[in-house]
Amino acid sequence: MINPMLIYFIKFLVPAGKASGAPPVGPILGQYRLNMLEFCKTFNADTAEIVDGIVLPVFSLISSDFSCARKRCFYTWWHF
C-alpha cells in the first residue's frame, strides 16, 4: 500500500469546545473537502477539559486522499 502524499498544511484558530460547521471551521475544512462533523466532534471531545472559549491553534495535515491528521498545540494559556 502506498502512503498518500501530503498536499496541504493548514493552520487556524478554534475556541476550545466550540468547533462547529460555522465560520471559521466550516469554510476552512469545506474548501479541502474534509468531514466537518467528524472534526468538530473529535475536537470538542479532545478540548472538553479546557475552559470553554480559550482559543487554540490547530495544525492539520491533509493527504492526497483527503484524510486529515490533526495536531492541536499544547495549552496556550497558563494554568496555576
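Observations
- Here the 3J(HN,Hα) profile of the range 12-23, calculated from phi with Karplus coefficients 6.51, -1.76 and 1.60 at θ = phi - 60°, is 7, 10, 9, x, 4, x, 10, 5, 8, x, 7, x Hz, Gly and Pro shown as x.
- Ile7 accessible area, assembled protein chains, probe 1.4 Å, Å²: 70 Å²
- Ligands, DNA and RNA left out, the accessible area of the range 1-53 computed with a 1.4 Å probe is 60% carbon and sulfur.
The values are calculated or read from the model by the stated rules, or taken from the named source; none is laboratory data. Since this is a predicted model, take the numbers as computed values, not measurements. All accessible areas refer to the heavy atoms of the entire protein, side chains included, with ligands and DNA or RNA removed. Shrake-Rupley method; radii C 1.70, N 1.55, O 1.52, S 1.80 Å.
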